Amino acid sequence: MAENEISSDIPAVPEETEPLNPPPRYFVRLNPSEKVQHMLFVISFFMLALTGLMLWLPERTFHFLGSTQESVFFFRSLLHRIFGTVMMLVCAYHVYYLIFRPAGRRWLRDMMVRKKDITDFFYNMLYLVGIRDEPPEFDRFSYKHKMEYGALIAGTTLMSVTGLILWSESYWDKFLIDVSALIHGMEAILACLAVMVWHLYEVHLRPHKFPIDNMWLTGIIDEAEMKEEYPFHYKKIMSDPELQKIYVREGLKQDG
Amino acid sequence: MRCKKLLKYAAGISAFVWVAVLFIFCEARAADIGNCLLCHKYPGLSRIDENGDLKLLFINESVFNNSVHANVKCEGCHPDIKKIPHENVRKVDCMLECHIIEPSSEKKFSHKDVETFLSRSVHSKIDKEGKPKKYPEDYPDCKDCHDNPLYRPLSFFKKVRPGISEIVLGRCRVCHKKDEFIFRFYNHITTRLHAIRSPKNIAEVCAKCHEDPALVARHGLSRKAVSSYAETFHGKAANYLSEGIPDCLNCHVNIGESVHQMLSHKNPESITFKDNKIKSCRMIDCHPHASAKLAKYDVHPEFDKEKSPMEYYFTAFFLILTGGTLLPLAGIMFLDLGRRLFSRKKEDKE
């Protein structure tokens, strides 16, 4: 019954006469702008985690540095602020991208939570525990992507606001500084663990992706992967020539 | 006969060598006029006193000669020693007048003023009415804070930071001829221009009392001062051995006054009084543009339910959020992994 409900939503793929040796088809998951945004975010996230979590390690860990320790921590603090600024600028550009660029608006539209996400979540749980034989057919962004994106927005906003308060500590009430330091530190731990536990597994460490999924570098995936991972989106693309112009690349595996 | 002669010669030469060595030894240490180091130079010189406590009587010569008291002769602090070998000596009274003449007043030097400062301080053993405070033994004596390695040769040693500038010494040598005087005078001045101890070291000294749970409870002190300092950005930097970060003394001593005159935070004249705290934050090297709000809240926050409920609930919320997020994610991750590996095996069999 449930499967029938889902399948009724899936657009029918028009039948085509396939050429004898069709060129391999690739599907765009991240366009060049999105790739750069993601890359800058990854670099700034990594550097912020590195320079921020140094403060969580026991202080004596760095005593071997001797008199250079003070310089190391000066540059730690400087780099943390530089990459914090980079991350905030990337986020600000992303907001501009979501509002003023057609691809951004498409991203925002596809990222909106829908009823299908809730049903997908339950069907996926049933599939994972072995009650259902097939996983749900995901659209461009699955419920996992949407949850992660939501967490990223909330987390980045929280980190940026508390980070700016800590950066301009002289102007604020000590209570606000204490609470900001607390939130900044704990949210950082949560974000790092979520990325390590969830994002790395989901994107790179799953058996069929291990050890790395190079989509974050190329921006594209092949047709087999598209059919397996995002069948609903695949069917939508294949049934709409306009979407094909946006998402389908034929020939060499490189993003145009 | 020959043997006896040889022995006489040997005894004569040996006696001459010993006398010469002792003479040279005495010359090298101007302050050790009584030749006390003849016995006290031996490591391990010690005894068990009538209370069963081990008294270490060894004086490390090199530490002594480089200490602030190197110019003070032994009898200056131990005036009750009149003969050698001596009997039990009285405890040193740091308020004694010593033989050094204080150049600005041309009077004998003494630490008596420190006693006056201490009597006004929160650390005084006597109260405003001149009566002894409750638990007077809990209040610090000189050696509780001034743990000079000279007195405690086995305690931790201060970080060695000579900080001597040859360029400046060159200027001194224009008028002053004796290098020993130049070095001593230079050290005397410069050690007072910079902190002689690292902030971490200062916090450790204060921790001896302020982190003692029994003492804190006896005096109704509201917090574990040093561990809560370690939780702040200042404390973190101090533990990273930063030397430019404020330590306990920077915030608890009125600006421009002696560290011995530390006042209670309830005293309106104290820098730690609620309306005055901002003055120490606003010091030129710290946060000169600090808003008055900066010092309005608890400077030493302790994240427990009673003292800082807001911080406590924020911490609890984030712990629950972290656990509540990561545990389901890890669960889904393992289910996904199991399903993929299981399905793959099944497909391989088919």
Just to be sure, is A:F45 in a helix (DSSP H, G or I), within 14 Å of another protein chain (Cβ to nearest Cβ) and surrounded by 13 or more Cβ atoms within 10 Å (Cβ to Cβ)?
-> no
Determine, yes or no, whether B:A203 is in a helix (DSSP H, G or I), surrounded by fewer than 20 Cβ atoms within 10 Å (Cβ to Cβ) and out of contact with any Leu (no Cβ under 8 Å at 6 or more places or on another chain).
-> no
Some residue of segment B:262-275 being surrounded by 18 or more Cβ atoms within 10 Å (Cβ to Cβ), under 26 Å from the mean Cα position of the chain (by Cα) and within 9 Å of another protein chain (Cβ to nearest Cβ) = no
Could you list all residues from segment B:221-247 that are more than 21 Å from A:L55 (Cα to Cα) and either crowded, with 19+ Cβ neighbours inside 10 Å or not charged (D, E, K, R) (or both)?
-> B:L221, B:S222
Does segment A:159-170 contain any residue that is within 27 Å of B:G331 (Cα to Cα), at pLDDT 90 or above and at the interface with chain B (Cβ under 8 Å from one of its Cβ atoms)?
-> no
For segment A:189-199, state whether one or more residues are within 11 Å of chain B (Cβ to nearest Cβ), under 20 Å from A:L40 (Cβ atoms) and in contact with a Ser or Thr (Cβ under 8 Å, 6 or more places away or on another chain).
-> yes
Which helices (runs of 4 or more DSSP H) sit wholly inside segment A:138-256 and have at least 3 residues that are touching a residue at least 60 places away in the same chain (Cβ under 8 Å)?
-> A:143-167, A:174-194, A:215-218, A:223-229, A:231-238
Take segment A:214-235 and flag every residue that is surrounded by fewer than 18 Cβ atoms within 10 Å (Cβ to Cβ) and in contact with a helix residue (DSSP H, G or I) (Cβ under 7 Å, 6 or more places away or on another chain).
-> A:W216, A:K227
Find the residue count for segment B:308-325, including only residues that are at the interface with chain A (Cβ under 8 Å from one of its Cβ atoms) and surrounded by fewer than 17 Cβ atoms within 10 Å (Cβ to Cβ).
-> 3
Cβ-Cβ below 8 Å, separation at least six or inter-chain, first residue in segment B:282-305 and more than 8 Å from chain A (Cβ to nearest Cβ), second modelled with pLDDT under 80 and part of a loop (DSSP other than H, G, I, E, B): which pairs?
-> B:H300/B:R223; B:E302/B:R223; B:E302/B:K224; B:E302/B:S308
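The values are calculated or read from the model by the stated rules, or taken from the named source; none is laboratory data. Computed from a predicted structure; not experimentally measured. Heads up, the Cβs are rebuilt from the backbone with ideal geometry, glycines too, and the neighbour counts pull from every protein chain shown.
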